[in-house]
């Protein structure tokens, strides 16, 4: 089997791996996301030590340009992450290693990996939402990832915000109180003065968090009708959030969509990643495999 590489370029950490699939990861490294030259350079050093890698898939934070016909294909574009705006990524990797490169958002890639090997295996549609340093979503519809002008930016949907009940203005530098601005990890810390992972399960933060995430999910459900929703990211490692979110989604839907998944099967409809914390880097594997097949 071909030896391929995967990169998960996250907002806080990079994960690089080589192997042939989820059951065959032969080497892996993790390191903090620093400046582009350092982060990409460390990835290149890692893959150069495995000279027989035949393709690399990059699952990266965005916004980015995933359109192969675009002059800025493979670039991170208008990201608020310091130092990364308008950074070429895929082309640098492809030229340095001389291999085909697949390139997409970390959440699109995670949705692809979960559909092939994880919690959405066997389904033709799914939605993957990560809740962590930021909020981002990727969706598979009829077996294909959603693209248009660029890619979905699900974390920036505008959700109802009752400022009388929650006066917090939000942390998004572009929109203030979009979903990411109200419910991301930095939003939790800014609102409550403590990191999310230090708040106890009975803290009022979690019911508010579940409410905001559920508002976003209801918008995606009525728009995309995914067969399964997968929630990942650091904030969602708080497993007590899942029952709160499921109950809130059902309340907000108010029996409007009467499918088994939305009623009796809600516990298996909104689920954690089947691939654990490797959805992103295995999404890189999936992108690499597709790039190799296209070549």
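Quick check on my filter: what residues within the stretch 232-249 are in contact with a strand residue (DSSP E or B) (Cβ under 9 Å, 6 or more places away or on another chain), in a loop (DSSP other than H, G, I, E, B) and under 10 Å from residue 197 (Cα atoms)? Talk me through it step by step, then tell me what you get.
The initial filter retains those residues of the stretch 232-249 that are in contact with a strand residue (DSSP E or B) (Cβ under 9 Å, 6 or more places away or on another chain), namely 232-236, 241-242, 245-246, 249.
In the following step, the residues that additionally are in a loop (DSSP other than H, G, I, E, B) were identified as 233-234.
Matches in the stretch 232-249: 234 only.
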Worksheet item: With (1) modelled with pLDDT of 95 or more; (2) closer than 19 Å to residue 159 by Cβ; (3) part of a loop (DSSP other than H, G, I, E, B) as the list, and residue 257 as the residue in question, which single condition is left unmet?
Response: (1)
Worksheet, complete the sentence: When restricted to 219, 187, the only residue outside any loop (DSSP other than H, G, I, E, B) and surrounded by 20 or more Cβ atoms within 10 Å (Cβ to Cβ) is 187
Fill in: Selected residue (only one of 283, 274 is at pLDDT 95 or above, touching a helix residue (DSSP H, G or I) at 6+ places or on another chain (Cβ under 9 Å) and not in a helix (DSSP H, G or I))
274
Worksheet item: Pick from the stretch 125-144 the residues that are modelled with pLDDT under 95 and in a loop (DSSP other than H, G, I, E, B): which of them is surrounded by the fewest Cβ atoms within 10 Å (Cβ to Cβ)?
Response: 142
Worksheet, complete the sentence: Output for Cβ contacts, cut-off 6 Å, separation at least six or different chains, first residue at positive phi and touching a residue at least 24 places away in the same chain (Cβ under 8 Å) in the stretch 75-94, second surrounded by fewer than 16 Cβ atoms within 10 Å (Cβ to Cβ) and not in a helix (DSSP H, G or I), reads 83/35
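Is it the case that the stretch 42-50 has a residue that's surrounded by 14 or more Cβ atoms within 10 Å (Cβ to Cβ) and not in a helix (DSSP H, G or I)? First the steps, then the outcome.
Taking the stretch 42-50 and keeping what is surrounded by 14 or more Cβ atoms within 10 Å (Cβ to Cβ), we get 42-44, 46-47, 50.
Going one step further and asking which of them are not in a helix (DSSP H, G or I), we end up with 50.
For the stretch 42-50, residues surrounded by 14 or more Cβ atoms within 10 Å (Cβ to Cβ) and not in a helix (DSSP H, G or I): present.
Per-residue answers, yes or no, for (1) under 30 Å from residue 91 (Cβ atoms); (2) within 17 Å of the chain's Cα centre (by Cα); (3) crowded, with 17+ Cβ neighbours inside 10 Å:
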site	(1), (2), (3)
201	no, no, no
208	no, no, yes
241	no, no, yes
269	no, no, yes
277	yes, yes, no
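Output the residues belonging to the stretch 82-93 that are in a strand (DSSP E or B) and surrounded by fewer than 20 Cβ atoms within 10 Å (Cβ to Cβ). Break it down stepwise before answering.
Taking the stretch 82-93 and keeping what is in a strand (DSSP E or B), we get 87-88.
Within the stretch 82-93, just 88 meets the criteria.
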Response to the item:
Screening 96, 59 for residues that are assigned to a helix (DSSP H, G or I) and either buried (at least 22 other Cβ atoms within 10 Å of the Cβ) or touching a helix residue (DSSP H, G or I) at 6+ places or on another chain (Cβ under 7 Å) (or both) leaves only 96
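The values are calculated or read from the model by the stated rules, or taken from the named source; none is laboratory data. Please read all numbers here as calculations on a predicted model, not as lab measurements. Every residue, glycine among them, receives a Cβ derived from its backbone with ideal geometry; neighbour counts consider all protein chains shown.
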